[in-house]
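Taking it in order: structure first as structure tokens, then the write-up.
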Amino acid sequence: MKKVAGILLKTVLPLALGVYLIWYFFQSMDPEVKAYFYKALREANYFWVFLSLLLSFFALLSRAYRWKYLLEPMGYKTSFWNRYHAIMIGYIVNLTIPRAGEASRAGMLYRSDGVPFSKSFGTILAERVFDLIMLLSVALLASIVGAGDFWKIKGLIEANFSADPDSASKLQLIKWIVIGFFLLAFGIVFLIRKIRDKVFGFIKGLFAGVLSVFKTKHPFSFIGHTLFIWILYVVYFAICFFALPETSEVPPTGMLLAFLAGSLGITLTNGGIGVFPLVVGLVIEYYLKDQYGSQAQGIGYALGAIIWSSQTLLLIVLGLLSFFLLPKNYSKDGEIRTDQE
């Protein structure tokens, strides 16, 4: 029963929310807007999308290289390609179970290089702290350079999601179910000693991984890769705007605000399904509506769909390849496998 509840919370509910938002995404467009939407998809210059995917791949390679700076202080020498494959498998798992990709990434590196799960998972959490700092920096920059637009767009997105009372009530229900699940799990951990000891041992390994960022011998290289990754994120997102002549007119501030909206949208459902195209489209519509009127909504949603679908397809293809290419050198018990060819 507990396992079924966990699957519902982690997989079915976010996926159902994403599917509902896709339905809402199309249902909210009138026939004229849909016509502009499909027209933009047909006439887009996909050279810019291809270039965006190439830059995205470089960001993934940099992320795999950066990981070694956190693993080495704990004494673990790992293969670059094993780290890369573990990361890609993590991304594809995130598309089905939100936030489970980090755990699967640590598990895959354990199977390929024998790095204890808790320690590698701790380094992933450390990475996430720095990624969060970068996202907050982007948000701060966007709120400064586009101060007036930032708050107007925020209100527009909130109004769009709260316009449907049923949608708002469903989101509230999901929130309270998740809170109740975590309270129940918290109680189980502290009431059962065997589970409590395992959890504390796991937390100890996590701290070792998180603190590895302060022990790395190459702090500037780690920070440099972090900056490089996030610059590529913003650039590969922004150059997609040149795929359509209308969206190429969106100012850099608008591109930055759309990037921020999309980044936050990814956290709400599995890989941003349903949410990412919607919120990115709303930002684009805000900047184009005075010039293009009713076309702006269809154009905005089209570009949001192009960016989301191309990046998601890239992660699926690379993730599946990595799933087959990652060597499984260690058994689940931590023993070196002797059946490797």
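No value in this document is a laboratory result; all are computed from the given coordinates. Quick caveat: nothing in here was measured; it's all calculated off a predicted structure. All Cβ positions, even for glycine, are placed from backbone atoms using ideal geometry, and neighbour counts span all protein chains on display.
Data for the structure
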read-out: Under 5 Å, built H, 5+ apart or other chain: amide partners of Leu244; value: Asn45
read-out: Cα gyration tensor category, rounded, prolate or oblate, for region 224-273 with a/c compared to 1.5; value: oblate
read-out: Pairs from Lys77/Lys215; Lys34/Lys152; Lys68/Lys215; Lys39/Lys152 whose Cα-Cα separation, in the structure shown, is over 21 Å; value: Lys34/Lys152; Lys39/Lys152
read-out: Inter-site label distance for Thr96 and Leu54 at 7 Å from Cα along Cβ, in nm; value: 3.3
